[in-house]
Amino acid sequence: MKSLVVLNANTNSCTGQLPTTLCLSAPSFSVLKLSINEFSGNIPHGLGNCSMLKLLSAGYNNLSGTLPNEVFKVTSLEHLSLPNNWLEGALNGITKLTNLVTLDLGGNKINGNIPDAIGKLKSLEVLHLEQNHMSGELPSALINCTHLTTIILKGNQFHGELTKVNFSNLPNLKKLDLLHNNFIGNIPESLYSCSKLTALRLSSNHFHGQLSEKIGNLKSLSFLPLANLSLTNITRTLQILGVSRSLTTLLIGSNFLHETMPEDNGINGFENLQVLSMSDCSLSRTIPDWLSKLTNLRVLFLQSNQLTGPIPEWISSLNLLLYLDISNNSFTGEISTALMEMPMLKSDKTAPKVFFELPVYLFSPFIQYLKPGAFPKVLNLAINKFTGVIPGEIGQLRALVSLNLSSNKLSGEIPQPICTLTNLQMLDMSSNHLTGTIPAALNNLHFLFKFNVSNNDLEGPIPTAGQLSTFPDSSFDENPKLCGPSIVNHCGSAEASPESINSREEIGSKVIFAIAFGAFFAVGVIYDHMVLAGYFG
C-alpha cells in the first residue's frame, strides 16, 4: 500500500503498540486515526520517520510513558490528539511542532508548566490540557498564539493571577475553561475584550470581589459558570448579568454566603436562560417572583440555602422546567399542587434542544451533559419542613425519573397514584411520618433502582413479589411495624416473636443465605476484575 495517505481505525478493539511501519512503506502517509481502541505501551520512537504526518489521533487508549523526542521532529504535524491515556512527563519539546493547529493531551498525567516557548506555535487554535497534573502560572507568551479559539485547562493546579495574560490579544477566543485550579486575584478586565467568547468557565478558583459591568461586552456569551469563587453582592451581580442577552447557562452557586435572595423587580433580562444554579449560598428569604419571568428555564438549582415559605403558585407557569432541586432549605406548608401541574413533568415531551458550549458534569465525573434536554426529569424536595400528606395529584407527573421527598414532616399514607409513575428510577420518601402499608402496586415501577422508605411508621408486610424484593434491608429500616422475610420482623406472629429470631430455622436460613451471598459476591468480584482487566489492559 505504497500510496496510502489516510488510515482510520477509530473505535475498534485493536491491541498492541501503535504501528510505525506505515511511514516507511508509504512515503506520503499523513493521517493516522487510532482513537478508542485498546492500544498500550509507549508511543513508539519510529513515529519520527513519519515526515509527512499531519494528523495523529490515538485518544482513549492505554498508552503510557512520555512523549518521545522523535515525535517532536515531525514538524509537519498539525493535529496531535492523545487524550485520556496514561501519558506523563513535561511539555517542553512540544514547542518544536510549530505547525500545530490542535494540541489535545487532556486526561493524562502530564506535569510541569506550560512552557514560555508556547508562543512559537503561531498557528495553534485548540489547546486541551485538562485533567492533568500541571501547575505554574499561565505564560504571558500565550498571547502570541493569536489564532487560539479554545483553551481548556480545567482540573489542574495552575495558579497565580490571570492578569499577567493580556487576553485582548486573543481576539478569536471562543471558549476558556479554567475550572478547578488555583488562580487568584480579580477576574482580568482584558477577558471582556474577547468579543467572540461563547463559553467562560472560571468556577472553583480563588478569584474574589465583584463582577465587572464590562462583562456585558461579551455579546455572544451563552455559558457562564462562576461557582465557588467567593463573589459578593448577588443583587448587583444579577443586575450586571441580566444585560448578557445570550446567556443560556448561569451557575453562580457557592458564592454570596449568607446574603439575601434579591426580590428586586429591577432584575431583568435572562430571557434566554435555560439553566440557573444559585445553590449552596445560604441565601435567606423566599423564592423570588422575578424567577417567574424566566420562561425558557429548563433546570433550576436552589438547594442548600436558607429559603423559607411555601412554593409559589407560578412555578407551574414555567412550561419548560424539567429539573427542580430545592432540597436542604426551610420551606414550609403542604406540598403545593402547583408542582403537580408542571407541564414538562407531566409529559414525555422533551424540551427544545440547545447544546451546552462545554460539558456539564451533574451527578458524577462519568456522566456528562451537553444539552439541557438530556437532563433527567427530577423533583427534589428533600430536607425541608413540608407537612401534610403527599398529594394524590402526584400521579400526574408521569414523566418523572427521580422523586425525592425525604427528611420532611409528611404524614398519612403513601398515595396509590404514586404507583403509576412508571418512569421512576429513584424514589425516596424516607425520614417522614408516613403510616399505613407499602402499596403492592409499587412493584409496577420496573425501572426503579433506588428506593427508600426508612425512618417512617409504616406497617404490614413488605410486598415481595416483584421490584421491591430487589432492594436492601436499609430501604425499609426503622419502621417497627413492617415485616418481611429479609428484615428482623418476619410476618406472622410466631415468626415475629423475639424468641423466634434466634430459632434454629432462622439460623439455618442465615447460614444458607451467607453461603449463597458469599458465592454470589465471589463471582461478582471475579467478574469485575475480568471487566477491569479487559478495559485497562
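The values are calculated or read from the model by the stated rules, or taken from the named source; none is laboratory data. It should be emphasised that the depicted structure is a prediction, and the values quoted were computed from it without experimental measurement. Methodologically, a virtual Cβ is constructed for each residue, glycine included, from the backbone with ideal geometry; neighbour enumeration extends over all protein chains shown.
Do the conditions hold for Ser469, that is, is it of a type in the set (Ser, Thr, Tyr) and closer than 25 Å to Asp325 by Cβ?
No, not satisfied.
Would you be able to tell me the number of residues in the stretch 369-409 that are under 24 Å from the mean Cα position of the chain (by Cα) and in contact (Cβ under 8 Å) with a residue 24 or more places away in the chain?
Of the residues in the stretch 369-409, 19 are under 24 Å from the mean Cα position of the chain (by Cα) and in contact (Cβ under 8 Å) with a residue 24 or more places away in the chain.
Return the residue satisfying two criteria in turn: it lies in the stretch 302-333 and is assigned to a loop (DSSP other than H, G, I, E, B) and over 27 Å from the mean Cα position of the chain (by Cα), and of such residues it is nearest to Val389 (Cα to Cα).
Among them, the one singled out is Pro310.
Pick out the one residue from Leu250, Leu273, Leu297 that is within 25 Å of Leu345 (Cα to Cα), without any contact (Cβ under 8 Å) to a residue 60 or more places away in the chain, outside any loop (DSSP other than H, G, I, E, B) and not hydroxyl-bearing (Ser, Thr, Tyr).
Leu250
Among the listed residues Ser230, Ser244, identify the single one that is assigned by TED's automatic domain parsing to the domain that holds Leu370, exposed (fewer than 15 other Cβ atoms within 10 Å of the Cβ) and either touching a residue at least 60 places away in the same chain (Cβ under 8 Å) or hydroxyl-bearing (Ser, Thr, Tyr) (or both).
When all the criteria are applied, what remains is Ser230.
Checking the condition buried (at least 20 other Cβ atoms within 10 Å of the Cβ) and touching a residue at least 40 places away in the same chain (Cβ under 8 Å), which residue from Ser57, Ser40 passes?
That would be Ser57, the only listed residue that is buried (at least 20 other Cβ atoms within 10 Å of the Cβ) and touching a residue at least 40 places away in the same chain (Cβ under 8 Å).
When you scan the stretch 459-474, how many residues do you find that are in contact with a Phe, Trp or Tyr (Cβ under 8 Å, 6 or more places away or on another chain) and either in a loop (DSSP other than H, G, I, E, B) or at pLDDT 95 or above (or both)?
The qualifying residues number 2.
Could you check how many residues of the stretch 97-109 are crowded, with 20+ Cβ neighbours inside 10 Å and within 21 Å of Thr75 (Cβ to Cβ)?
Of the residues in the stretch 97-109, 5 are crowded, with 20+ Cβ neighbours inside 10 Å and within 21 Å of Thr75 (Cβ to Cβ).
Name the residue, out of Ser454, Ser407, Ser430, that is in a loop (DSSP other than H, G, I, E, B), at pLDDT 95 or above and on the phi > 0 side of the Ramachandran plot.
Ser407
Only one residue in Leu318, Leu307, Leu324 is surrounded by 19 or more Cβ atoms within 10 Å (Cβ to Cβ), more than 22 Å from Ser284 (Cβ to Cβ) and modelled with pLDDT of 95 or more, so which one is that?
Leu318
Please determine whether any residue of the stretch 145-157 is in contact (Cβ under 8 Å) with a residue 60 or more places away in the chain and under 16 Å from Phe207 (Cα atoms).
Within the stretch 145-157, none of the residues are in contact (Cβ under 8 Å) with a residue 60 or more places away in the chain and under 16 Å from Phe207 (Cα atoms).
How about the stretch 415-438: which of its residues are in contact with a helix residue (DSSP H, G or I) (Cβ under 8 Å, 6 or more places away or on another chain) and closer than 14 Å to Val389 by Cβ?
Pro415, Gln416, Pro417, Ile418
Output the residue which, of all residues in the stretch 178-216 that are basic (Lys, Arg) and farther than 24 Å from Asn156 by Cβ, is modelled with the highest pLDDT.
Checked the stretch 178-216; the qualifying residue modelled with the highest pLDDT is Lys196.
When you scan the stretch 140-150, do you find a residue that is crowded, with 22+ Cβ neighbours inside 10 Å, over 21 Å from Ile184 (Cβ atoms) and β-branched (Val, Ile, Thr), even just one?
Taking every residue of the stretch 140-150 in turn, none turns out to be crowded, with 22+ Cβ neighbours inside 10 Å, over 21 Å from Ile184 (Cβ atoms) and β-branched (Val, Ile, Thr).
Taking the criterion of being part of a helix (DSSP H, G or I) and acidic (Asp, Glu), would at least one residue in the stretch 33-48 satisfy it?
No, the stretch 33-48 contains no residue that is part of a helix (DSSP H, G or I) and acidic (Asp, Glu).
Could you identify the single residue in Asn489, Asn443 that is at pLDDT 80 or above, within 23 Å of Glu413 (Cβ to Cβ), not small (Gly, Ala, Ser) and not in a helix (DSSP H, G or I)?
On inspection, the qualifying residue turns out to be Asn489.
Take the residues of the stretch 160-208 that are of a type in the set (Lys, Arg) and closer than 20 Å to Leu250 by Cα: which is surrounded by the fewest Cβ atoms within 10 Å (Cβ to Cβ)?
Checking each candidate, the answer is Lys196.
Hey, among Asp116, Asp104, which residue is modelled with pLDDT under 95 and either of a type in the set (D, E, K, R) or under 18 Å from Gly46 (Cα atoms) (or both)?
Result: Asp116 is the single residue among Asp116, Asp104 that is modelled with pLDDT under 95 and either of a type in the set (D, E, K, R) or under 18 Å from Gly46 (Cα atoms) (or both).
Counting only residues that are crowded, with 16+ Cβ neighbours inside 10 Å and not β-branched (Val, Ile, Thr), which one in the stretch 344-361 is modelled with the lowest pLDDT?
It comes out as Ala351.
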